[in-house]
Amino acid sequence: MMNQPDASDMHNQSVYSLVGGEDAVYRLVNSFYDIIETHPDGRKLHVLHLRGNGIPHSRVEQFNFLSGFLGGPKLYVEKHGHSNVRQMHEHVEIDNEAKDIWLKCMAMAIDAIGIGAETKDKLMNSFTSIANLLVNRVD
């Protein structure tokens, strides 16, 4: 008979494992950028990405970053030598509206790939903390 994980086991698991590992992070990133490219709520972020390195580049780099950020392989660090989100975004003007849109679109992506409520809460708490640090413009 296999032991069922208890609450303390779930608490100690990385969020990377809780979401479903590499495949789930890949699906999350693609769902997020699909929303940015097609949903009216994502329009402002789409325009910001078009001014930068573009959506295809962002899909790759966000996957690399989130893998390590969530407790999996540190792909972004291996490639760039750091994972400083402020440094990554210093060329982008991010106001509170852009931050809120990013969080809304990410919540939609989490829902779209079927991540459970408890894990979604963990993700959104982490994403909200980071997003608040990235606001670099006040309108």
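Every read-out reported here was derived from the displayed coordinates using simple, explicitly stated rules and does not represent laboratory data. Being a predicted model, the structure only gives us computed values, none of them experimental. A quick note on method: Cβ atoms are made from the backbone with ideal geometry, for glycine too, and the neighbour counts reach across all protein chains shown.
Step through the residues of region 61-73 one at a time and calculate ³J(HN,Hα) from phi using the Karplus curve (6.51 cos²θ - 1.76 cosθ + 1.60, θ = phi - 60°), rounding each to whole Hz and writing x for Gly and Pro.
Running phi through 6.51 cos²θ - 1.76 cosθ + 1.60 with θ = phi - 60° gives 5, 5, 4, 4, 5, 5, 3, x, 4, 8, x, x, x Hz.
Determine ³J(HN,Hα), in whole Hz, for all residues of region 18-28 in sequence, where each value follows from phi through the Karplus function 6.51 cos²θ - 1.76 cosθ + 1.60 and θ = phi - 60°; x replaces Gly and Pro.
4, 6, x, x, 3, 4, 5, 5, 4, 5, 4
Quick one: what are the phi-derived ³J(HN,Hα) couplings along region 44-60, Karplus 6.51/-1.76/1.60 with θ = phi - 60°, whole Hz, x for glycine and proline?
Taking θ as phi minus 60°, the curve returns 4, 5, 4, 4, 4, 5, 5, 6, x, 8, x, 5, x, 4, 5, 4, 5 Hz for region 44-60.
What percent of all Cα-Cα pairs in the chain falls into each 10 Å bin, going from 0 up to the bin containing the maximum distance?
Spelled out bin by bin, the chain gives 11, 42, 35, 9, 3, 0 percent.
Given 0.36 nm per residue, what is the gain on full extension from residue 26 to residue 132 after removing their alpha carbon distance, in nm?
Taking residue 26 through residue 132 to full extension adds about 35.8 nm, to one decimal.
Determine which lysines satisfy two conditions relative to residue 122: a Cα distance under 16 Å, and not lying fewer than 8 residues away in the same chain.
Partners within reach: 104.
Would you calculate the separation in nanometres between label points at residue 79 and residue 53, each defined as 7 Å from the Cα along the Cα-to-beta-carbon direction?
So the label points at residue 79 and residue 53 sit 0.6 nm apart.
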